[in-house]
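The structure appears right after this line, and notes come after that.
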Amino acid sequence: MHSDHEENYKFAACTFFAKSHPGETCGSNGLPLTPSSISILGRAQRLLSIEHPNLCTYLDIIRGKHERIIVVAEVIGKSLADLKKKLSTEEIINVARQVANGLQYLHANNITHRTLSDDNILIDLNGKVKLFNYGIFYMTYGGSEVAFPLGQPRYLSPETILNSGGPTADIWTFGVILLELCIGKLWAKLKPGPILRRILGLVHVNDPAKRIAREHNSIEEYEQLPKYLQTLIEKCLQICPSKRATITEILQDLSNVDTKEMCAVKPPRGLMGCKLQYLYHWWQLAGGDIQVELKRNGLIKNSPPILSIPVAILLDGCTIGGKTGVLYDRRIAKYSIELLQSRLSHVSAHDYYPLMHERKKQNDAVTLPKTIRERDTEYQFYRLLWFQRLLHGYPYTAPYIRAEAEIDIPPLVRGDVWAALLGVVGDIEEQYERIDKETPTPTDRQIDVDIPRCHQYCWLLCGSAGHRTLKRLLKAWLLTNPQYVYWQGLDSLTAPFMYLNFCNEARAFACLSAFVPKFLHKFFLKDNSAVIKEYLAKFWQMAAFHEPRLATHLHDINFVPELFAIPWFLTMFSHVFPLHKIVHLWDAFLVEGPSLPLFMGVGILRQLRDTLLESGFNECILLFSDLPEIDIGECVKEAIDMCRSSPRSISYRRFTNDTVKKDSMDQVEIPMEVLFVEICPRISLSDFFSLICEDKCCVVDIRSNLLYEKSCIDGSVNVPYSGVHLGRHELRALGPQPERALQQAIKMKRNVVIASAEDETAQLFSDYLVKCGVPRVCILHGGIAALQTHIPSLFITPPTGNTGK
Amino acid sequence: MATNRTGAAQRPNGAPQTKVCQFKLVLLGESAVGKSSLVLRFVKGQFHEYQESTIGAAFLTQAIRFDDTTVKFEIWDTAGQERYHSLAPMYYRGAQSAIVVYDITNQDTFGRAKNWVKELQRQASPSIVIALAGNKSDLAAKRMVEFEEAQAYADENGLLFMETSAKTAMNVNDIFLAIANKLPKSEAGAAGAAGGGRRLADGEQPRPSQCCK
């Protein structure tokens, strides 16, 4: 079970407990203190995005029960501590160079390792070296969020023991490790206390390296080392931190050493060549469970709860006894991906490298609900590789990405795909960097009170790291959009982008900046009442168009969208649903475009239809104040159906970012006062013409039969308005022929277009049809007159007797 | 339906029917002073540390027994941000009662509360019963608004006043009870109050239009 299978161990986990807050559970603002585990989780997110050849990639940070943190990271070969043989000078230089490379990257990113030791430097059979779990000091805010001391005593620098020290402490440790590699393990038989005393005892020594070597009876061995190696060690083992070499100087020195480079190993192909994050994701989908393995290896022990009860609790909340502080558990559990290999053993080699222009075979799983597809190992395997390919070619592959996103988006790359769908390109880091996100503004108080209430069930968003990021994003957006102001709800709107781009603030910002003009143009104006009113009126029209019975009922009880739908649209539902639902909703919005949200609103009404229909005003408004569980998958499906089956012009809004000049054939704009009273939307002449050509509409001509007989639209039905009893809400009252035509239209899902000579009668009659329960009723914009001017060819003189009366 | 829910119309033991009075109540105040939390505590007996901000408004109802009367509150919980101010009249119009909330740890919110009181006195129904609630009394250690100062202001303006805590539930039910106590519950009085609160004795449907016009 060893070396030959070693390469199957791709990742490993270790675990520790975060410190629990003693006593006081509330901060001065009355809110509970953020648990340490959540602070750690937030801080550790940055580590997840680090990729460097000499650093083991972090894969996951999990929060377990009782403030437990589980860190999952890449693993290779074995640690220096487990390496039994002594290394040659050449090998030592090889290790040193790679460790220094890793450290340099960390220091350049303002991360201090502080826990470097022989058991977290890993080396594989090819001589490749990587640092494992280098971020524990960083993620625990310098150890302040855990109760145990960090680092192994014999690697601590003197100033670290005295509770200070920055990146220079890593240099000392680096020197100790080099020395150990040369002369063997230091202070092997001593307990921590004496070791620390020995290190502090070095403070008055001129040459600590030699002193240590002498102490270990290895001074001859030490003096036989190549001179450059001795110098290097001595440069590191300086008592005064400022006298130590920097990591860059060390690398410089090492590069001057003339040793042969490690032979390059060909990168593996197939499954082993896939991105580690993908492997980990698939492994989990295939049933891999980090915690189970930790339990099996005894890293998580279940002890009877009674043992963790404190012996005494003081009045100030401090506890005595019970679970006592333990030292950091240095053990790790390694995970084999054999499980995944066997699960994907039937995948052929060339499936790992899908070609863009190759016809893809359709996966059967496509018909399953999205939430199930997201948990299907094989499906995610193909999807992820395919999206990886497409994203690699972005922005040139943008249309392909859109087409694929329409099917679904793999959760692992959702952040990348959203950015692509929103057209985010260019040097967004640079742009974001330039924005002043710190200077206080009068809006800060409002932002400060809103952020601690925004999606706080989400571990990422509720920590202090999340709060700070959200604030910076909001301030940056407000500064770059001086025409807009902060409306409550903007925080919720920003949250999904931040959630998906937690370690990529610039991209979260770029996504938000692209999203607002597309979906919420002018919504955040200081005076946005006209914009919101128009949106709600349009939403109400869409409800009447697709759900006439429900709309009639809601009209009757005077239930207006102003009372409940403002948060829906102002935040694109991000204030209404939890994040795991918002992402599916927005997946669809980003693909379908800005009119889908209107239909999404109708979709929600439709899902609640039965309850709403039998409820009065109070029950209805109560229902929306405390929205019941909504099936988002179903709702999105319905909304997309409605959106695609509706003529484009009926959802026209004037407050959009479309700068396209409108042909008069495409016009449907009416004064706002008119919009607010019209129950049914207007259809443009060109949409109407398309419907006629596709035989998808039933035209009801409500002029007098005299006018109708002179000239009428081919195939239309005549229902002279003057003869309609608006009080009787039955189609039968219209006469047998119109009734048949309308019933047929309902059955065939045709649009019912009201053509009239004047607006007023068209409004009243369309309203009447909605009350009769006829769906898809719209008004021909401009009426018969406009149609005669623009498309006279549609008109015929009806043969007598076919007037519909 | 409406009467079934309040349980007033049908009494199996044939006991005398109690009066059911329906009153519209609106909560106003600066954002994050705890308006939604007060309502949640009153209606559901719950408290959420991270109560989300309210956009637009939320609506909840709660009935309390009061002597021989059931008082049913239709509560409009409004958004606190100044920008949503223009929506407020939609909610306080026709309201028989209002709770203006401030945060005792923040002097500015008290100033804002005074403005709300002024606006209500000017624009709302003249008979409106206004209560002033100094919320977050559990944070008395960080108090910035003195009890006496608020009490004096309330007395001057004829307001009910209590310091409340949605977190500990202190005075939450009491302030609603105090309002119920002060509202006219005689048939004439209830009906007279801007046509809002009415007796629902005979299965009469609540008139919705008054709530949203």
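The values are calculated or read from the model by the stated rules, or taken from the named source; none is laboratory data. What you are looking at is a predicted structure, and each value in this text was computed from that prediction instead of being measured. Cβ sites come from the backbone with ideal geometry, for glycine too, and all protein chains shown count toward neighbours. Accessible surface areas use protein heavy atoms only, side chains included; no ligands, DNA or RNA. Shrake-Rupley method; radii C 1.70, N 1.55, O 1.52, S 1.80 Å.
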Taking region A:630-651 as the search range and keeping residues that are open to solvent by less than 50 Å² (accessible area, probe 1.4 Å) and over 26 Å from the mean Cα position of the chain (by Cα), which one is nearest to A:ALA537 (Cα to Cα)?
A:SER651
Does region A:403-425 contain at least one residue that is in contact with a helix residue (DSSP H, G or I) (Cβ under 6 Å, 6 or more places away or on another chain), touching a residue at least 24 places away in the same chain (Cβ under 8 Å), within 14 Å of chain B (Cβ to nearest Cβ) and in a helix (DSSP H, G or I)?
no
Considering each of A:GLU638, A:GLU619 in turn, give the residue that is outside any loop (DSSP other than H, G, I, E, B), of a type in the set (Asp, Glu) and in contact with a Gly (Cβ under 8 Å, 6 or more places away or on another chain).
A:GLU638
Looking at B:GLU74, B:GLU49, which is the one that is within 8 Å of chain A (Cβ to nearest Cβ), in a loop (DSSP other than H, G, I, E, B) and farther than 17 Å from A:LEU490 by Cβ?
B:GLU49
Given (1) more than 16 Å from the chain's Cα centre (by Cα); (2) within 14 Å of chain B (Cβ to nearest Cβ), number of the condition A:TYR400 does not satisfy:
(2)
Against the condition within 14 Å of another protein chain (Cβ to nearest Cβ), in contact (Cβ under 8 Å) with a residue 24 or more places away in the chain and among the hydroxyl-bearing types (Ser, Thr, Tyr), how does B:THR69 come out, does it pass?
no
Subset of region A:347-396 [more than 21 Å from the chain's Cα centre (by Cα), of a type in the set (Ser, Thr, Tyr) and in a loop (DSSP other than H, G, I, E, B)]:
A:SER348, A:TYR353, A:TYR396
Is there a residue being open to solvent by less than 20 Å² (accessible area, probe 1.4 Å) and hydroxyl-bearing (Ser, Thr, Tyr) anywhere in region A:82-92?
no
Selection from region A:497-511 of residues in a helix (DSSP H, G or I) and surrounded by fewer than 24 Cβ atoms within 10 Å (Cβ to Cβ) yields A:TYR499, A:LEU500, A:GLU505, A:ALA506, A:ARG507, A:ALA510
Selection from region A:588-607 of residues touching a helix residue (DSSP H, G or I) at 6+ places or on another chain (Cβ under 7 Å), open to solvent by less than 10 Å² (accessible area, probe 1.4 Å) and not aliphatic (A, V, I, L, M) yields A:PHE589, A:PRO597, A:PHE599, A:GLY601, A:GLY603
Check whether at least one residue in region B:169-182 is in contact with a Lys or Arg (Cβ under 8 Å, 6 or more places away or on another chain) and free of Cβ contacts under 8 Å to residues at least 60 places away in the same chain, and report yes or no.
no
Condition check for B:THR105: among the hydroxyl-bearing types (Ser, Thr, Tyr), part of a strand (DSSP E or B) and at the interface with chain A (Cβ under 9 Å from one of its Cβ atoms):
no
For region A:338-381: of the residues being under 25 Å from A:TYR9 (Cα atoms) and of a type in the set (Val, Ile, Thr), which is surrounded by the fewest Cβ atoms within 10 Å (Cβ to Cβ)?
A:VAL347
Per the filter on region B:144-166, residues open to solvent by less than 60 Å² (accessible area, probe 1.4 Å), outside any helix (DSSP H, G or I) and either of a type in the set (A, V, I, L, M) or within 17 Å of B:GLY34 (Cβ to Cβ) (or both) are B:VAL145, B:LEU159, B:LEU160, B:PHE161, B:MET162, B:GLU163, B:THR164, B:SER165, B:ALA166
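Taking the condition of being more than 17 Å from A:PRO53 (Cα to Cα) and crowded, with 22+ Cβ neighbours inside 10 Å, how many residues in region A:118-135 meet it?
Going through region A:118-135 one residue at a time, the tally reaches 0.
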Count of region A:61-81 residues which are open to solvent by 40 Å² or more (accessible area, probe 1.4 Å) and of a type outside the set (Lys, Arg)
1
Can we say A:VAL516 is without any contact (Cβ under 8 Å) to a residue 60 or more places away in the chain and either among the hydrophobic types (A, V, I, L, M, F, W, C) or open to solvent by 20 Å² or more (accessible area, probe 1.4 Å) (or both)?
yes
Restricting to region A:454-481, give me the number of residues that are within 11 Å of another protein chain (Cβ to nearest Cβ) and either open to solvent by less than 40 Å² (accessible area, probe 1.4 Å) or free of Cβ contacts under 8 Å to residues at least 24 places away in the same chain (or both).
6
With respect to A:GLU562, is the statement that it is over 22 Å from A:ILE632 (Cβ atoms), within 11 Å of chain B (Cβ to nearest Cβ) and part of a helix (DSSP H, G or I) true?
yes
Within region A:249-257, identify whether any single residue is open to solvent by 70 Å² or more (accessible area, probe 1.4 Å), under 36 Å from the mean Cα position of the chain (by Cα) and not aromatic (Phe, Trp, Tyr), and answer yes or no.
no
Would you call A:CYS772 in contact with a helix residue (DSSP H, G or I) (Cβ under 6 Å, 6 or more places away or on another chain) and either of a type outside the set (Phe, Trp, Tyr) or surrounded by 15 or more Cβ atoms within 10 Å (Cβ to Cβ) (or both)?
yes
Residue within region A:510-519 that is under 18 Å from the mean Cα position of the chain (by Cα), under 20 Å from A:ARG653 (Cβ atoms) and within 13 Å of another protein chain (Cβ to nearest Cβ) present:
no
Quick one: which residue in A:GLN252, A:GLN238 is in the same structural domain as A:LEU48 (by TED's automatic domain parsing) and assigned to a loop (DSSP other than H, G, I, E, B)?
A:GLN238
Kindly list the number of the only condition in (1) over 30 Å from A:LEU461 (Cα atoms); (2) within 14 Å of another protein chain (Cβ to nearest Cβ); (3) surrounded by fewer than 21 Cβ atoms within 10 Å (Cβ to Cβ) that fails for A:LEU627.
(1)
Can you tell me which residue among A:LEU190, A:LEU200, A:LEU186 is assigned by TED's automatic domain parsing to the domain that holds A:ILE247, farther than 19 Å from A:ASP253 by Cβ, open to solvent by 30 Å² or more (accessible area, probe 1.4 Å) and assigned to a loop (DSSP other than H, G, I, E, B)?
A:LEU190
